[in-house]
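A.B. asks: Below is the structure I would like to discuss, written out as structure tokens.
The values are calculated or read from the model by the stated rules, or taken from the named source; none is laboratory data. This one's a predicted model, so the numbers in the text were calculated from it and none came from an experiment. So basically every Cβ, Gly included, is an ideal-geometry build from the backbone, and we count neighbours across all protein chains shown.
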Amino acid sequence: MDQDDVRRGGPTLHRALGGDHLGASVALLCGSLCEAWDTSFWAGRRRWRLARSSRSSWPDGDVRAPSGRELTAREILEIQRAKTGSYTFELPLHLGATLAGASRPLLDVLSAYARPLGVAFQIADDLLGTFGEAEVTGKSNAGDLREGKRTLLVARALETASPEDAARLRSQLGRSDADVGELRAILRRSGAEASARLEADRQCDEALRALDSPALDPRVAQELREIAVYTVRRSA
């Protein structure tokens, strides 16, 4: 959906399949097939509620954003909480914990940890997608800006940049021939890069505070702390 050519050091599935309409169609069908397998797996184990939540957590606002209206920083954070916080972090933790017979208080702790950490992860990922080294991250560092992805970086820049810089950002964002170096300079000059990094740290700190609960085994809490720190400090 984001039209990236490379992901995790290799070609995205639709590109590997040719990059044309057929490749995109087969890639979408593969995703649908995986979802069907997932639903069948959990339904067969009487975990239908969890399987259903994995489907309902996708916010279509994230897909529509590049071609839609400008989103505020708050709206983007809400999308990230619903998307990455929910199905990338909260759902996997709940699945494992539920299978292990976790109590409701423990599941609540995992939710309080996962939701903000998902936001922190997404902000860190967007920072890498704009300022990271492609050789290290395994994906383009120009794709997000040329696609016009509505990230926290972009929203904060449009809120704080000078009128001239904001106008330039709006005119170049989403263009395949955009001067990415110039756009990066605007994001830095406006303070958006620094602001996004602070927000990632704030969300991570919120997640870490949730781990102080007595409902959580200390050894598990330590593992989750290490994951949280890595999430916002990673370089790839």
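A.B. asks: Look through the range 155-172, keep the residues that are polar (S, T, N, Q) and either in a helix (DSSP H, G or I) or assigned by TED's automatic domain parsing to the domain that holds THR12 (or both), and return whichever of them is farthest from ASP5 (Cα to Cα).
C.D. replies: THR160
A.B. asks: If you don't mind, there's one more thing I want to ask. Hey, among ASP179, ASP144, which residue is crowded, with 20+ Cβ neighbours inside 10 Å and under 20 Å from GLN3 (Cα atoms)?
C.D. replies: Going through ASP179, ASP144 in turn, the sole match is ASP144.
A.B. asks: If the Cβ limit is 8 Å and pairs must be 6+ apart or interchain, which residue in the range 11-27 that is at negative phi pairs with which residue that is hydroxyl-bearing (Ser, Thr, Tyr)?
C.D. replies: ALA27/THR12
A.B. asks: Something else: Could we say that PHE89 is crowded, with 23+ Cβ neighbours inside 10 Å, closer than 17 Å to SER213 by Cβ and not hydroxyl-bearing (Ser, Thr, Tyr) here?
C.D. replies: Numbers: crowded, with 23+ Cβ neighbours inside 10 Å: yes; closer than 17 Å to SER213 by Cβ: yes; not hydroxyl-bearing (Ser, Thr, Tyr): yes.
Judged against the criteria, PHE89 is a match.
A.B. asks: To continue, here is another question. Within the range 124-134, is even one residue within 30 Å of PRO214 (Cβ to Cβ) and not aromatic (Phe, Trp, Tyr)?
C.D. replies: yes
A.B. asks: Select from the range 58-91 the residues that are of a type in the set (A, V, I, L, M, F, W, C) and at pLDDT below 90 and list them in ascending order.
C.D. replies: Across the range 58-91, the qualifying residues are TRP58, VAL63, ALA65, ALA82, LEU91.
A.B. asks: Being modelled with pLDDT under 85, of a type outside the set (Gly, Ala, Ser) and part of a helix (DSSP H, G or I) is true for just one of LEU29, LEU50. Which residue is that?
C.D. replies: Details: LEU29 fails: modelled with pLDDT under 85.
After ruling out the rest, the residue left standing is LEU50.
A.B. asks: Does the range 147-175 hold any residues that are of a type in the set (S, T, N, Q), more than 18 Å from the chain's Cα centre (by Cα) and crowded, with 18+ Cβ neighbours inside 10 Å, and which are they?
C.D. replies: Listed by number, the list holds a single entry, GLN172.
Matching residues to (1) assigned by TED's automatic domain parsing to the domain that holds LEU93; (2) in a loop (DSSP other than H, G, I, E, B); (3) touching a helix residue (DSSP H, G or I) at 6+ places or on another chain (Cβ under 7 Å):
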position	(1), (2), (3)
VAL109	yes, no, yes
ALA112	yes, no, yes
LEU117	yes, no, yes
VAL136	yes, no, no
LYS149	yes, yes, yes
LEU153	yes, no, yes
GLY174	yes, yes, yes
ALA178	yes, yes, yes
ALA185	yes, no, no
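A.B. asks: Residue by residue through the range 182-236, note down the ones that are under 17 Å from the mean Cα position of the chain (by Cα), small (Gly, Ala, Ser) and loosely packed, with under 14 Cβ neighbours inside 10 Å.
C.D. replies: Scanning the range 182-236 gives SER235, ALA236.
A.B. asks: Contact list please: Cβ distance under 6 Å, first residue in the range 70-85 and under 20 Å from ALA228 (Cα atoms) and assigned to a helix (DSSP H, G or I), second residue at pLDDT 90 or above and not hydrophobic (A, V, I, L, M, F, W, C), pairs at least six apart or on different chains.
C.D. replies: GLN80/GLN122; ARG81/ARG115; THR84/GLY118; THR84/GLN122; GLY85/ARG115; GLY85/GLY118
A.B. asks: On the basis of being more than 21 Å from GLU78 (Cβ to Cβ), part of a helix (DSSP H, G or I) and at pLDDT 95 or above, does LEU128 make the cut?
C.D. replies: Answer is yes for this residue.
A.B. asks: If SER140 satisfies all but one of (1) more than 23 Å from ILE186 (Cα to Cα); (2) at pLDDT below 90; (3) assigned to a loop (DSSP other than H, G, I, E, B), what's the number of the condition it fails?
C.D. replies: (1)
A.B. asks: Follow-up question, since we're still on this one. Report yes if some residue within the range 215-230 is touching a Pro at 6+ places or on another chain (Cβ under 6 Å) and not assigned by TED's automatic domain parsing to the domain that holds ASP5; otherwise report no.
C.D. replies: yes
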